[in-house]
Each structure stands twice: as structure tokens, then as C-alpha cells.
Amino acid sequence: METAEFLQALQTEGRLLAAAAEEAGTDAKVPTCPGWQVRDLLRHTGAVHRWAATFVAERLTEGRPLVEPTGLDGAELVAWYRDSHRHLVGTLAGASPDVECFTFLAAPSPLAFWTRRQAHETAVHRVDAESARGGSPTGVTPEFATDGIDELLRGFHARSRSRGRTPEPRVLRVRAQDTGAVWTVRLSPEPPVTTRDASGEAECELSGPAEELYLALWNRAPLPKATGDQALAALWREASAI
């Protein structure tokens, strides 16, 4: 996917998130994030939007802490979230393609990184807002879902903080049946090593439509299908939460 496509997705997902949160009310519980209410979701996601926009707008080359607001609530909080989202979209849309700033995953450019990361951040939390409102979640395209799986497996779980580890070497496969994308995840005491292929024998395979896998791997829905070693599927499910 191109940066412009991620920007459009970010714009759409943020508007859907705000609408669902407003309809649910800030007191509503978020079933997909146990312990959270909609106010927590809005404070977190809005703060992430402003945090990301600051790196790009100010060309900051070092990380800085995320600071969430504590006093905002109700209609004022929903309005603050909408403003945070508009600010992020405007910042990314107006940024130079060659802007240099802090990132934390490999990407073609910092602008490509932040646009992609915030599109998926917002999509996953939009699902959270819709779970608080009730009803079926809005769908995403198979291509967007496939990219989100790739970012999770080859980006987040390649980092040293990944908890997706096993005492002995194990091999997990992930297969998006509608897009044909396949990943092989090699587990060990070190961070997982994931390749975009179906090389070697796998002890367990997680499969299903890309959208269902996307939500499941981001811990927003049950795994659609697991064949092979069910204990490995359960271990990954428990240890891989971001």
C-alpha cells in the first residue's frame, strides 16, 4: 500500500472511532480492552495522535514519552479526540516526503512509517470503540488487513520487547486465505524471526480471511482457525499481545 492510501485509511478510521465513541458514551466499557472505558480509549488514542504528529511536525529525532490527558471527559473529550485526529491527518498530509524524524520500526521513510503506523493504530482502536457501542465492526480491505498482519509479525515482534518466545525452537505459520499472503514465524528464546514465505515445516498454522486474522492477531477477535499443535497456538495467543 502507498502512503496516500494509509493516510486515507487513517482519516476514515479516526472519524469512525469518534462517531462510535460518541454513540457509546465515555462511561461505556470496552469489551476488547478489559479494564478500559471509552474515556480511556479516547485519551490514549488522542494522545498517540498528538505524540506522532509532534515527531513529524517538529522533526524530532529522539523518542519522547507519551502523555495522556487526565481531566477531559464526556463531549469535551470526544471533541478533543476529533481535534487530535484532524491535527495528525493535517500534519502528515502537509509533511515533506523526505522529512527526517524518530521512528521505531523499519520503513521506506519516516513519513511512510508514521502514516502506516497511525492508520493501523487507529483501525484497531476503532474496533475497540465499536465494541463499546455494540454491533458488528466496520470492515477493512483484505489488503489493509494483510499489511497490518505484516507490520505486527515482521515489525513489532522483531523487536527486543516481544514476548512471543519459546524455550525451544518452534515454527508457526500464518496464512491469509483470501490474499494468499503467508508468514513463517520461527520462535525461540530470542525475539521471533518472521519471513514472508511458507518455507519449512510448521508445527501449527493459523489461517483465515485476512481481516479475521488481522483482528485476531491484534487480540480483538478469536483466532479463525488453528491446525496442528493447539498448545502452540494458545501460547502465541497469550504471549503475543501488544
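A single member of ALA132, ALA106, ALA112, ALA123 is among the hydrophobic types (A, V, I, L, M, F, W, C) and under 14 Å from the mean Cα position of the chain (by Cα), and it is ALA123. Quick one: in the stretch 135-152, of everything that is of a type in the set (Gly, Ala, Ser) and part of a loop (DSSP other than H, G, I, E, B), which residue is most open to solvent (accessible area, probe 1.4 Å)? This residue is SER136. Among the residues in the stretch 31-38, are any in a helix (DSSP H, G or I) and within 20 Å of the chain's Cα centre (by Cα)? Within the stretch 31-38, one or more residues are in a helix (DSSP H, G or I) and within 20 Å of the chain's Cα centre (by Cα). Within the stretch 73-104, if we keep just the residues that are part of a helix (DSSP H, G or I) and of a type in the set (S, T, N, Q), the residue that is least open to solvent (accessible area, probe 1.4 Å) turns out to be SER84. On inspection, ALA107 does not qualify as of a type outside the set (Ser, Thr, Tyr) and crowded, with 23+ Cβ neighbours inside 10 Å. The test for being touching a residue at least 12 places away in the same chain (Cβ under 8 Å) and open to solvent by 70 Å² or more (accessible area, probe 1.4 Å) holds for ASP178. The set of residues from the stretch 39-66 being under 17 Å from the mean Cα position of the chain (by Cα) and among the hydroxyl-bearing types (Ser, Thr, Tyr) comprises just one member, THR45.
Return a yes/no flag: does the stretch 60-69 have any residue that is over 19 Å from HIS125 (Cβ atoms), touching a helix residue (DSSP H, G or I) at 6+ places or on another chain (Cβ under 8 Å), small (Gly, Ala, Ser) and open to solvent by 20 Å² or more (accessible area, probe 1.4 Å). Taking every residue of the stretch 60-69 in turn, none turns out to be over 19 Å from HIS125 (Cβ atoms), touching a helix residue (DSSP H, G or I) at 6+ places or on another chain (Cβ under 8 Å), small (Gly, Ala, Ser) and open to solvent by 20 Å² or more (accessible area, probe 1.4 Å). Scanning the stretch 1-30 for residues that are under 20 Å from ALA145 (Cα atoms), of a type outside the set (S, T, N, Q) and assigned to a helix (DSSP H, G or I) yields ALA4, GLU5, PHE6, LEU7, ALA9, LEU10, GLU13, GLY14, ARG15, LEU16, LEU17.
Output yes when any residue across the stretch 110-126 is under 30 Å from PRO189 (Cβ atoms) and polar (S, T, N, Q), and no when none is. No, every residue in the stretch 110-126 fails to be under 30 Å from PRO189 (Cβ atoms) and polar (S, T, N, Q). Checking LEU206, LEU215 one by one, the residue that is closer than 26 Å to LEU10 by Cα and crowded, with 18+ Cβ neighbours inside 10 Å is LEU215 and no other. Among the listed residues GLY164, GLY139, identify the single one that is over 22 Å from PRO108 (Cα atoms), touching a helix residue (DSSP H, G or I) at 6+ places or on another chain (Cβ under 8 Å), modelled with pLDDT under 95 and not hydrophobic (A, V, I, L, M, F, W, C). Step by step, each of GLY164, GLY139 is checked, and only GLY164 is over 22 Å from PRO108 (Cα atoms), touching a helix residue (DSSP H, G or I) at 6+ places or on another chain (Cβ under 8 Å), modelled with pLDDT under 95 and not hydrophobic (A, V, I, L, M, F, W, C).
Taking the stretch 162-176 as the range and being within 16 Å of TRP218 (Cβ to Cβ) and of a type outside the set (A, V, I, L, M, F, W, C) as the test, the residues that pass are SER162, ARG163, GLY164. Per the conditions (1) assigned to a helix (DSSP H, G or I); (2) over 22 Å from TYR81 (Cα atoms); (3) touching an Asp or Glu at 6+ places or on another chain (Cβ under 7 Å); (4) not aliphatic (A, V, I, L, M), the sole criterion not satisfied by ARG126 is (2). Go through (1) open to solvent by less than 50 Å² (accessible area, probe 1.4 Å); (2) in a helix (DSSP H, G or I) for ALA57 and report which single condition fails. (1) is the only condition that ALA57 fails.
Provide a single number: the residues in the stretch 181-198 that are in a loop (DSSP other than H, G, I, E, B), open to solvent by 50 Å² or more (accessible area, probe 1.4 Å), closer than 16 Å to TRP236 by Cβ and not acidic (Asp, Glu). The qualifying residues number 1.
The values are calculated or read from the model by the stated rules, or taken from the named source; none is laboratory data. These numbers were taken from a predicted model, which means no experiment stands behind them. Quick reminder, even Gly has a Cβ in these numbers, built from the backbone with ideal geometry, and neighbours come from all protein chains shown. Just so you know, the surface numbers come from the protein's heavy atoms only, side chains and all, with ligands and any DNA or RNA stripped out. Shrake-Rupley method; radii C 1.70, N 1.55, O 1.52, S 1.80 Å.
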